[in-house]
1. Taking region 413-425 as the search range and keeping residues that are in contact with a strand residue (DSSP E or B) (Cβ under 7 Å, 6 or more places away or on another chain) and closer than 21 Å to K353 by Cβ, which one is most open to solvent (accessible area, probe 1.4 Å)?
2. Hey, can you tell me all the residues within region 344-357 that are among the charged types (D, E, K, R) and open to solvent by less than 100 Å² (accessible area, probe 1.4 Å)?
3. Name every residue in region 376-394 that is more than 18 Å from I519 (Cβ to Cβ) and within 12 Å of ligand 2 (Cβ to nearest atom), in order of residue number.
4. Count, please, the residues in region 42-65 that happen to be within 21 Å of A296 (Cβ to Cβ) and surrounded by fewer than 16 Cβ atoms within 10 Å (Cβ to Cβ).
5. Collect the residues in region 130-144 that are part of a helix (DSSP H, G or I) and surrounded by fewer than 20 Cβ atoms within 10 Å (Cβ to Cβ), keeping them in residue-number order.
6. Test of understanding: among I189, I218, I204, I168, which residue is of a type in the set (A, V, I, L, M, F, W, C) and more than 30 Å from L38 (Cβ to Cβ)?
7. Go through region 498-527 residue by residue and tally those that are free of Cβ contacts under 8 Å to residues at least 60 places away in the same chain, more than 16 Å from ligand 1 (Cβ to nearest atom), open to solvent by 20 Å² or more (accessible area, probe 1.4 Å) and assigned to a loop (DSSP other than H, G, I, E, B).
8. Could you check region 93-129 and list, in sequence order, the residues that are surrounded by 20 or more Cβ atoms within 10 Å (Cβ to Cβ), farther than 17 Å from Y336 by Cβ and not hydrophobic (A, V, I, L, M, F, W, C)?
Amino acid sequence: MSDTFDFDDENEGGQRKASLRQVAAFMWKHWSSQPLKLALFGLFFGLAVAADLAFPFASARLVETLTAGPTEDGRRAAAAGYGVVALLALVFYMARNIGVRFWIPFASNNMERIVSDGFRDVQRFSSDWHADNFAGATVRRVSRAMNAYDVISDTMVWYMLPAGAVLIGVTAMTFVQWPAIGLFTGGAIAAFLLAAYLMGRFYIARPLREYIKADTAIGAALADAVTSNATVKSFGAEAREQARFDAIVGRWRAEANRTWRRSTDSWVLQNMLLFILQAGLLGLVLLEWSRGRATAGDAVFAITSFLLVSGYLRMLGENVQNLQKGVADIEDVVAYAAERADVVDRPGARAFKPGKGEIAFEAVSFGYKNAAENLYRDFSLEVAAGETVALVGPTGAGKSTFVKLVQRLYDVNGGVIRIDGQDVRDVTQASLRRSIALVPQDPALFHRSLRENIAYARPDAPMEDVIAAARRARAHDFIAALPNGYETEVGERGVKLSGGERQRVALARAFLADAPILILDEATSSLDVATERDVQAAMAELKQGRTTIVIAHRLSTIREADRILVFNQGRIVEQGKHAELIDAHGLYAKLNAMSRGELLADEAA
Ligand SMILES: Nc1ncnc2c1ncn2[C@@H]1O[C@H](COP(=O)(O)OP(=O)(O)OP(=O)(O)O)[C@@H](O)[C@H]1O
Ligand SMILES: [Mg+2]
């Protein structure tokens, strides 16, 4: 069954993704970003805590006045005591409620920033990173971090800080009056905190992390199966996918049970300590009373403060678990922030200065991360400005890789790639890629309107330009025939379009980009022969004044290229014009003969 559990992507490899210190620094960065709101909140919240702390005192005083009996003075004192107790309660509620008003925007601003930063981090990661990670897992991690922030700060600021203040305050107050009891209270509280920490650290942390891993795996598995739903359907494999998913959810259930059970164990221990504290405190004060060293008011003081303390401690005990879960939940995104992307802009990298579109590979070597050996070894090539170059060759020969390297989706292991004389590593990635219009081998559209999809390179392009590009790509007619025309939404990745329609939208998008370099990776492979010919005629004028790289298996489409490069296993084995290559009787001539012999071409290659 091991294959059922392989929804851990590479981010789940290690034990812990970010250290506690990193998490703390991350939280602090966000907390300290809005000092005014935080200070105002702290002011009112501090006031509430102070009112809470004064409560046992005020209660004790009130009871003292009552024990004197309902004399004239006694009544007045009782009324005053009542006023104080009531006022403290009122101050407590008011201050808390005002404090919350400052807390709300403080919290939502930070959550907004965390999710936005998370998205920025994910966007900056390399193509390799994205290939290694489940989209669903990433989505789950980033969205979980938002809530985790909320849980951590609520726990720390709402529960732990006030609890800490109240505990220290009560211990100090008790200590002043009865040092021995104060020591007992302090010791019991310390034992409570230590127990909560030790249980969290050594008993709960590990299952908790497994539990979160299982939670991430649910996101990964769901997204993986849902996005490939068409495949699942076509193989009638729903039951199999259901079983696979259920196994993953089953793992989550097992981990959740373990974690929650252990949390409950931890509560039991904490509750016991709490009981010892409560019973001990009251018992000791009564003992003092029996020796004539404490009054009825003192007993009231002890009872009220233990109610107060136990209320805070209970909140604390419950929230220690939340805090721990929050920290574990946010670790992924904290690690994102610290992670270096594989392909980064050099510090001070300048914008790419588009020229005429000259491309030069100088002694380039490159291999994919996990490949046994380099795909490209000592690869050199020059493409002149304005030239139309065709890349052909068997599948897996490294043609699409060539395109990815030009775009600098990967960094080379050796050698240099220059475009218009600029090393691709010296310029910003975004500016470089904006100078390259690409129709990829498997174009994916956004689930947005056709207009937005076509105008993706130039979002502010006027509608006439969008339509002109669509006409060139022979996409206008089918778009115009749709009830909503250019406003039609195309479905996720463009699933509501036919393969050829999707391809023509991708072509229109590249045409509109109007970049000095145009790259077409199997860009017309899904079109019928007549449409393909039309698109090529339209392309002929587009090629004017720009460098064009065309990758094609259908050799009939690239005959007119200035130069044909025949790739095999990451090397250029032949190059020249169509006629020259035919005469050379090499790989090209063979591929050509086979493609004329139809359909066998791909197999034989
Ligand atoms: N992201 C990746 N990680 C690891 N290996 C990869 C990756 N992308 C491609 N490869 C491998 O690199 C080799 C070259 O792939 P490439 O996509 O460049 O081939 P191609 O010439 O475009 O083939 P096709 O004609 O089938 O599109 C293949 O063996 C492929 O398995
Ligand atoms: Mg390819």
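The values are calculated or read from the model by the stated rules, or taken from the named source; none is laboratory data. All of these numbers come straight from a predicted model, not from anything done at the bench. Here the Cβ positions follow ideal geometry from the backbone for every residue, glycine too, while neighbour counts run over all protein chains shown. When the accessible area is computed, the model is the full protein with side chains, heavy atoms only, and any ligands, DNA or RNA have been set aside. Shrake-Rupley method; radii C 1.70, N 1.55, O 1.52, S 1.80 Å.
1. We begin by selecting, within region 413-425, every residue in contact with a strand residue (DSSP E or B) (Cβ under 7 Å, 6 or more places away or on another chain); these are 413-419, 423-424.
Next, from what is left, pick out any that are closer than 21 Å to K353 by Cβ: 416-419, 423-424.
Values: V416: 29, I417: 4, R418: 80, I419: 1, D423: 20, V424: 8 Å².
Per the criteria, the residue is R418.
2. The initial filter retains those residues of region 344-357 that are among the charged types (D, E, K, R), namely 345-346, 350, 353, 356.
Within region 344-357, just D345 meets the criteria.
3. As a first pass, look at region 376-394 and keep what is more than 18 Å from I519 (Cβ to Cβ): 377-378, 380, 394.
Across region 376-394, the qualifying residue is only P394.
4. Qualifying residue count for the region: 0.
5. Residues of region 130-144 part of a helix (DSSP H, G or I): 130-132, 135-144.
Across region 130-144, the qualifying residues are H130, A131, D132, A135, V139, S143.
6. Values: I189 fails: more than 30 Å from L38 (Cβ to Cβ); I204 fails: more than 30 Å from L38 (Cβ to Cβ); I168 fails: more than 30 Å from L38 (Cβ to Cβ).
The match here is I218.
7. Qualifying residue count, region 498-527: 1.
8. Matches in region 93-129: G99 only.
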